[in-house]
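Before any comments, here is the structure.
Derivation of every value follows stated rules applied to the coordinates shown; laboratory data play no part. Since we're looking at a predicted model, the values are computed, not measured. Please note: Cβ atoms are built from the backbone with ideal geometry, for glycine as well, and neighbour counts cover all protein chains shown.
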Amino acid sequence: MNKCPSPEKVALELTTMSEGNWEHLDKHQVQRLEEMLIAVDENDKVIGAETKLNCHLNKNIEKGLLHRGFSVLLFSTENKLLLQQRAETKYTCPGCFSDSCSSHPLYEPLEMEENDAIGMKRAAKRRLHVELGIPQEQISLSDITFVSRTHYKLRSDEVWGEHEIGYLLLIRKDVTLNPDPKEVKDCIYVTKEELEDLLKKDNKDKSMFSGWFHIIANPFLFKLWDNLNDLTLCIEPDKIYRV
């Protein structure tokens, strides 16, 4: 296991990057780059820990560094999906709309527990509170459904990228939102038809949505949307889709 780096080491690494690829990050996002994530192999077996910074640098991704992450699809009881617009200070896909909440479990026992993806659900509950301000008591672990996993690789720009085993999690519940502006620029609820129209527009220039949201949307999201009353038709916890 790698030790948690000092803020000075993270700052030094950032100063070696190309101008414009890190200067948009605020102090909050730089501090988050010190977090220790769960490094895995292509079969999602834990092999160690690595900083969020190292996990999202293309130079390390090209060497095969792979980590766990998650995406939450939060539906209201009216079957509208919550979209989050990422803060402009995010290191990957700043300002883009994406799923309700995207983040990572940390390299710590409670968030590494694998039975029924309970550790991942704890991480999702934590980040839903941090990013969207959803009161902890409004969402229980039993409200979160683990749908499936996707192994994908994306470049955000010449420096930053994603290489994840991404856990897809679904919640269907009405909640109270109080987004943190350091994490979230905006959030909106959309119907299936509204999202279909937005994605058609986005396919022209790939600028409105995060790259991983396109992966989630086709084919997972709309299949889930059509089966919200019987998710057993969509749940595949033992499968890893390779994108």
³J(HN,Hα) computed for each position of the range 59-66 - Karplus, 6.51 cos²θ - 1.76 cosθ + 1.60, integer Hz, glycine/proline x: 5, 7, 4, 5, 8, x, 4, 9
Partner aspartates and glutamates for LYS80 [C-alpha distance under 17 Å; skip if fewer than 8 residues away on the same chain]: ASP99, ASP143, ASP174, ASP186, GLU193, GLU194, GLU196, ASP197, ASP226, ASP230
Square roots of 5 times each gyration tensor eigenvalue, C-alpha, the range 89-173, largest first, Å: 23, 16, 12
Unsatisfied cross-links (Cα-Cα over 27 Å) in the set LYS27/LYS201; LYS200/LYS223; LYS63/LYS200; LYS121/LYS182; LYS90/LYS153; LYS45/LYS201: LYS27/LYS201; LYS63/LYS200; LYS45/LYS201
Karplus-derived 3J(HN,Hα), 6.51/-1.76/1.60, for each residue of the range 159-172, Hz, glycine and proline x: 10, 9, x, 10, 9, 10, 9, x, 8, 9, 10, 10, 10, 10
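Rg/Rh for the range 7-242 to two decimals, with Rh computed the Kirkwood way over all alpha-carbon pairs.
0.94
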Label-point separation, ARG172 to ILE188 (7 Å along Cα→Cβ), nm: 2.4
Sequence of TRP225, TRP212 once ranked by neighbouring C-beta atoms within 10 Å, starting from the fewest: TRP225, TRP212
Difference of contour (0.36 nm per residue) and Cα-Cα distance, LEU233 to GLU114: 40.6 nm
Choice from GLU164, GLU137, GLU114 with maximal GNM fluctuation in the chain (Cα, 10 Å cutoff): GLU137
